[in-house]
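*Asks:* Attaching a single structure in structure tokens format; questions to follow.
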Amino acid sequence: MVTTMMGLGVLPTSHPLNIGMIGSFGHKTANMALSQTDLLILVGARVGDRAITAPEKISSQSKTIHIDIDPAEIGKNVNPTVPLVGDLRAVLESLLAEHPISNCSHWSEYLQQEAAAEKATMPDPRPDTIQPKRLMAEIGKQISEDACVVADVGQNQIWAAKYLPMRQGRFLTTGGLGTMDYALPAAIGVKIAAPEKQTIFVCGDGAFQMTNNELSTMVEQGCDVKIVLLNNRTLGMVCELQRIAKRHKFAVALPDTPDFGKLADAFGVKSRRISQDADMADAIAEMLAYDGPYLLECVVSEAENSKVNM
């Protein structure tokens with residue numbers, strides 16, 4: 001099984017059949033599995049260009065079963081071999097009642113080995129900066145099994161989607177809509193709707209400055225939201241795309257960002273700033289143990305990419 005970004009959390013990251021997220025910013029093994037399969041069962045996916053850049057290629061090389069409750073989504077981007085309109089639970093139960101048989105154990109074992117190796121590979125630490133993949137792995141290790149993770153837009157979103165393990169919790173994000181700083185108001189909404197759920201909010205320094213005034217709402221409503229702020233002093237995703245396109249940097253630098261610790265203190269939010277991988281585990285443990293809203297600022301290098309598959 002592979003997922004789009006909006007499908008993250010439907011199956012625990014550690015499940016052996018979960019190969020990872022597909023798409024231009026997804027996992028290498030997941031994209032390879034998608035490109036080589038002979039039968040693709042699309043479940044509630046619209047096959048957007050962020051997930052599958054060449055849908056016509058998928059149609060030509062594999063048979064597809066497209067399941068969706070909305071008939072307008074069937075065949076919009078990929079011509080299915082078998083279209084199935086209906087509620088997912090009812091459709092899957094009907095399919096299982098036919099006792100389907102597959103013989104792909106070698107293929108499955110190969111994909112699981114490749115996916116495990118890809119997920120286990122960690123980049124070397126950089127001096128005086130936090131490595132995002134290591135950070136997300138450590139957060140995933142320490143958060144509650146049913147924690148809600150709300151990711152903003154940009155590199156932080158991709159790092160959280162690819163590298164933060166999910167178990168029985170929820171991963172909430174805007175997908176490809178690009179709504180910067182959706183995550184702070186959304187995290188407040190999650191905590192009000194489900195106060196018993198541990199709620200983690202991942203964001204970048206650029207987006208955070210768009211609605212950081214909502215810290216007052218968070219404090220006023222007593223929302224115990226944990227903020228993980230990745231600060232690279234730039235609009236990271238735009239900067240990365242300019243770098244890939246070999247363009248000069250334009251309208252991405254944020255050299256005069258505020259002191260986020262002082263900003264948090266002004267709203268009555270406890271905070272900590274880290275810039276060494278060695279401090280991550282302790283800082284995350286402190287953040288999660290604190291009774292109340294908390295901002296963990298992580299200094300990240302501007303040179304970090306989100307599209308590179310480690």
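The values are calculated or read from the model by the stated rules, or taken from the named source; none is laboratory data. No experiment lies behind these values; they were computed from the predicted model shown. Here the Cβ positions follow ideal geometry from the backbone for every residue, glycine too, while neighbour counts run over all protein chains shown. These area figures cover heavy atoms from the full protein model, side chains too; ligands, DNA and RNA do not enter into them. Shrake-Rupley method; radii C 1.70, N 1.55, O 1.52, S 1.80 Å.
*Asks:* Give the number of residues within segment 7-24 that are crowded, with 21+ Cβ neighbours inside 10 Å and of a type in the set (A, V, I, L, M, F, W, C).
*Replies:* Going through segment 7-24 one residue at a time, the tally reaches 4.
One line per residue, one yes/no per condition, for (1) exposed (fewer than 12 other Cβ atoms within 10 Å of the Cβ); (2) in contact with a helix residue (DSSP H, G or I) (Cβ under 9 Å, 6 or more places away or on another chain); (3) of a type outside the set (D, E, K, R):
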| residue | (1), (2), (3) |
| --- | --- |
| 46 | no, yes, no |
| 60 | yes, no, yes |
| 66 | no, yes, yes |
| 69 | no, yes, yes |
| 73 | no, no, no |
| 76 | no, no, no |
| 87 | yes, no, no |
| 107 | no, yes, yes |
| 110 | no, no, yes |
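*Asks:* Within 14 Å of residue 136 (Cα to Cα) and surrounded by 13 or more Cβ atoms within 10 Å (Cβ to Cβ): is that true of residue 283 in this structure?
*Replies:* In short, yes.
*Asks:* Right, next: If I filter segment 291-302 for residues that are open to solvent by less than 50 Å² (accessible area, probe 1.4 Å), at pLDDT below 95 and part of a helix (DSSP H, G or I), do I get at least one hit?
*Replies:* No, segment 291-302 contains no residue that is open to solvent by less than 50 Å² (accessible area, probe 1.4 Å), at pLDDT below 95 and part of a helix (DSSP H, G or I).
*Asks:* Do you know which of the residues in segment 150-167 that are assigned to a loop (DSSP other than H, G, I, E, B) and in contact with a Pro (Cβ under 7 Å, 6 or more places away or on another chain) is surrounded by the most Cβ atoms within 10 Å (Cβ to Cβ)?
*Replies:* Restricting to residues being assigned to a loop (DSSP other than H, G, I, E, B) and in contact with a Pro (Cβ under 7 Å, 6 or more places away or on another chain), the top hit is 166.
*Asks:* Starting from segment 12-28, take each residue that is farther than 13 Å from residue 165 by Cα and list its partners that are of a type in the set (A, V, I, L, M) and part of a loop (DSSP other than H, G, I, E, B), counting only C-beta distances under 8 angstrom and pairs at least six apart or across chains.
*Replies:* Sorted first by the residue in segment 12-28, then by its partner, the pairs are 17/1; 17/11; 22/51; 22/52; 23/51; 23/52; 26/51; 27/19.
*Asks:* Only one of 115, 120, 147 is buried (at least 17 other Cβ atoms within 10 Å of the Cβ) and more than 14 Å from residue 288 (Cβ to Cβ); which?
*Replies:* 115
*Asks:* Let me ask something else. If you scan segment 5-28, which residues turn out to be closer than 22 Å to residue 139 by Cβ and of a type in the set (S, T, N, Q)?
*Replies:* Answer for segment 5-28, where residues must be closer than 22 Å to residue 139 by Cβ and of a type in the set (S, T, N, Q): 13, 14, 18.
*Asks:* Next up: Applying the selection to segment 160-187, what residues are touching a Ser or Thr at 6+ places or on another chain (Cβ under 6 Å) and not charged (D, E, K, R)?
*Replies:* 165, 166, 182, 184, 187
*Asks:* Limited to segment 256-277, what total is found for residues that are touching a residue at least 40 places away in the same chain (Cβ under 8 Å) and of a type outside the set (S, T, N, Q)?
*Replies:* Let us first name the residues in segment 256-277 that are touching a residue at least 40 places away in the same chain (Cβ under 8 Å), namely 257-258, 260, 263-264, 267-269, 274-277.
Among the residues that remain, those that are also of a type outside the set (S, T, N, Q) are: 258, 260, 263-264, 267-269, 274, 277.
Residues meeting the conditions: 9.
*Asks:* Would you pick out the residues in segment 20-34 that are at pLDDT 90 or above and not aliphatic (A, V, I, L, M)? Quick ask: steps written out before the conclusion?
*Replies:* Taking segment 20-34 as the starting set, the residues that turn out to be at pLDDT 90 or above are 20-22, 26-34.
Matches in segment 20-34: 20, 26, 27, 28, 29, 31.
*Asks:* For segment 78-109, name all the residues that are closer than 26 Å to residue 55 by Cα, free of Cβ contacts under 8 Å to residues at least 24 places away in the same chain and among the aliphatic types (A, V, I, L, M).
*Replies:* 82, 84, 85, 95
*Asks:* I've got another one for you. Which residue out of 131, 142, 112, 61 is farther than 30 Å from residue 235 by Cα, touching a residue at least 60 places away in the same chain (Cβ under 8 Å) and not aliphatic (A, V, I, L, M)?
*Replies:* Just a single option satisfies the conditions, and that option is 112.
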